[in-house]
1. According to a simple spin-label model (label point 7 Å from Cα along Cα-to-Cβ), what is the distance in nm between B:Arg56 and B:Ile182?
2. For A:Lys120, list long-range residues whose amide hydrogen, built 1.01 Å from N in the peptide plane, is under 5 Å from its own amide hydrogen.
3. Using 1/(1 + (r/R0)^6) with R0 = 41 angstrom and r between the beta carbons of B:Phe195 and A:His85, what's the FRET efficiency to the nearest 0.05?
4. Show the residues, 5+ positions off or on another chain, whose built amide H is closer than 5 Å to the amide H of A:Leu93.
5. Within the range A:38-180, how many Lys pairs sit with Cα atoms under 17 Å apart, leaving out pairs fewer than 8 places apart on the same chain?
6. With axes computed from alpha carbons, what is the tilt in degrees of helix B:2-37 against the longest principal axis of chain B, rounded to the nearest 10 within 0 to 90?
7. Whole number please: convex hull volume per residue, Cα atoms of the range A:109-193, in Å³.
8. For n ≥ 4 DSSP H runs only, could you compute -39500 (n - 2.57) per run for chain A, divide by its residues and tell me the 222 nm figure to the nearest 500?
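Nothing in this text is a laboratory measurement; each read-out follows from the coordinates by a stated rule. Just so it is clear, the model here is predicted, and its values are computed rather than measured. Backbone-built Cβ (ideal geometry, glycine too); neighbour counts: all protein chains shown.
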Amino acid sequence: MQIVSVKDLEKGFDGLGVLKGISFTLNKGEVLSIIGPSGSGKSTLLRCLTQLETVEKGTIEVCGDTMVTTDDKGEVLYSPKDILHTVRLHFGLVFQNFNLFPHMSVMRNITEAPVHVLKKTKAEAEKIARDLLVKMGLEDKEHAYPCHLSGGQQQRVSIARALALNPEVLCFDEPTSALDPELTGEILKVIKTLAKEKMTMIVVTHEMSFARDISDRVIFMDDGLIVEEGKPEDLFNHPKNERTQRFLQRYE
Amino acid sequence: MVQLLLQMLEATLTSLRIFLLTLLFALPLGIFVARGRMAKNSIVSSLVNAYIMIMRGTPLILQLIFVYFAPYYIFGTSYDRFTAVIVAYVINYAAYFAEIYRGGIQSIPKGQFEASEVLGFSRIHTFTHVVTPQVIKRIIPAMGNEVITLVKDTALAQTIGVAELFRVAQNASARQFSTMPIFIAGVFYFVMNAFVAKSFDKLETKLNYYN
């Protein structure tokens, strides 16, 4: 079942095109990795999906809700606020540098949104949070503050925070770029577990072997365009496009 | 001597009233001024900026005189001196507080706002539960400075004839041909500010549970 559909997405900063017509779809339970050189628009694409950036052209539909469309004249039409809010909650986003709330305990970081956005009771939210902390291997950290945790632990808390809202799609924006190789392993393990549980995910990453491992499909982006798309074994082993070949050579 | 001290204590109460009332109104007013200063609307932000420039660019003593005497010259009516002091201090200190708040708000990493947005928090919730607690921690040292200055600035209220601590000490000095009362007043200010400094230290320690 298709849950995300993106068509002809365009986005620029100060007249400089960053996304120049991106189209792709995502099925439920699918893990999609987006790879490509820095500045190719991978992060911007995630930020458009999660409404941190506004698009200039194109259509985005999520779980039957339309976030944005473009009419025949090329006018961009965003849906009304309440629909945008619903669409926003379909996505969870894990940031490169965690962005946990430093003044809140681990528990409150995770329960704040379920309580105040989804209007769950505190007890309900804490139960969900504890289950997630167990899953992340952080059951003894609920009273800790982010500054007392390692980078890997902080990132796992931020994954738990995103999961607590029970999103349809979990997006990762270079989740291991701020971590050393050892801590990177922790995070990749967690994402692998989620993949096994059929969590729908979009992962922007520079970890090629990891992308090959967990993805059902890989997109290679360069200069605001999708250059190549395919199953990981095809794209990594037999890249068709010359640009993809050149990029992947560096990782051999 | 005992009588002098009693007089000075009474005058200290006036100083404290100026101090507390100024904080009571200027602390919240500063939030609105800061928001105005950061407004996207350029008319609003430049008007607020002009107000801040005037408040910071002219002496408080002049503002005090203006606030008290301007209504007299414009409307021919005069009003309570103490009220004039509070009005002048509030609009002056709100400008300084606003700039401190603005510095604090702008020092919060963009990621905090983005995480709040992605989690679906309302703007108000983000402001009250995410931004403000972190801003408070960051601005405590600067606010401590400003609040200590306010304690000492209450001495300026005598300019328009409000009998606060320094005025009473000066009068006593003139009567007794001695500078002693003024030095005693100095001790009074020092003790009050020791309390202020201590309170800010405590607050800082209390918020040290995170980095």
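1. The modelled label-to-label distance comes out at 3.2 nm.
2. A:Val115
3. Result of the calculation: an efficiency of 0.30.
4. Amide H neighbours of A:Leu93: A:Cys171.
5. 5
6. Helix B:2-37 sits at roughly 20 degrees to that axis.
7. Expressed per residue, the convex hull around the Cα atoms of the range A:109-193 is 98 Å³.
8. -11000 deg cm²/dmol
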